[in-house]
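Take a look at the structure below.
The values are calculated or read from the model by the stated rules, or taken from the named source; none is laboratory data. Please read all numbers here as calculations on a predicted model, not as lab measurements. Note that each Cβ is placed from the backbone with ideal geometry, even for glycine, and that neighbours are counted across all protein chains shown.
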Amino acid sequence: MTPLLIVQKKTCPQRQITFFPLSIVIRPRTKSPAHRLLTKGILAKLPALGATSENRDPIVQVKWFTPDANWTWWVIEYDPESRIAYGLVRGLELEFGTFTLDEVEDLRGALGLPVERDLHFDPQPVSQVTDQP
């Protein structure tokens, strides 16, 4: 395994350097509920792709974000067969578009952390999401 990440520990006067194997950084071992981007409950609420196209202010059902980068996804629609979602994305720009669940699950931020689901997010109209900083 190739070491990738260096962490300096401050437990003693001399700093100790620890190397983490690449496999741990790319796929951290975690069982956090925040790393389950879609649950059965959320899937039951998400409309099919195109179902809200006539709605001027559709409801955002779930929010995903990178804890170590400045990207956020608000999911409005989802197709479980193709694993394609539609929603609002705040990254380099704020825009509506489609994205695949597979791509989002594979993304890592600067520190190698995976995308997380906001466990405290309540479904709300997209107009309320765009008003947030």
Taking the stated definitions as given, is Leu88 aliphatic (A, V, I, L, M) and modelled with pLDDT under 95? no
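Hey, which of the strands (runs of 3 or more DSSP E) in segment 22-133, taking only ones fully inside, have at least 3 residues that are in contact (Cβ under 8 Å) with a residue 40 or more places away in the chain? First the steps, then the outcome.
Numbers: elements: 62-65, 72-79, 84-90, 94-100.
Per the criteria, 62-65, 72-79.
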Scanning segment 92-117 residue by residue, the ones that are touching a helix residue (DSSP H, G or I) at 6+ places or on another chain (Cβ under 8 Å) and either surrounded by 12 or more Cβ atoms within 10 Å (Cβ to Cβ) or not hydrophobic (A, V, I, L, M, F, W, C) (or both) total 6
Filter result (over 14 Å from the mean Cα position of the chain (by Cα), within 22 Å of Gly41 (Cα to Cα) and of a type in the set (Asp, Glu)) within segment 62-104: Glu77, Asp79, Glu81
For residues that are out of contact with any helix residue (DSSP H, G or I) (no Cβ under 9 Å at 6 or more places or on another chain) and buried (at least 16 other Cβ atoms within 10 Å of the Cβ), scanning just segment 73-89, find the one that is farthest from Ser127 (Cα to Cα). Asp79
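Quick test for you: out of Ser53, Ser23, Ser32, pick the one residue that is closer than 14 Å to Val115 by Cβ and at pLDDT below 95. Steps first, answer last, please.
Values: Ser53 fails: closer than 14 Å to Val115 by Cβ; Ser23 fails: closer than 14 Å to Val115 by Cβ.
Among Ser53, Ser23, Ser32, only Ser32 is closer than 14 Å to Val115 by Cβ and at pLDDT below 95.
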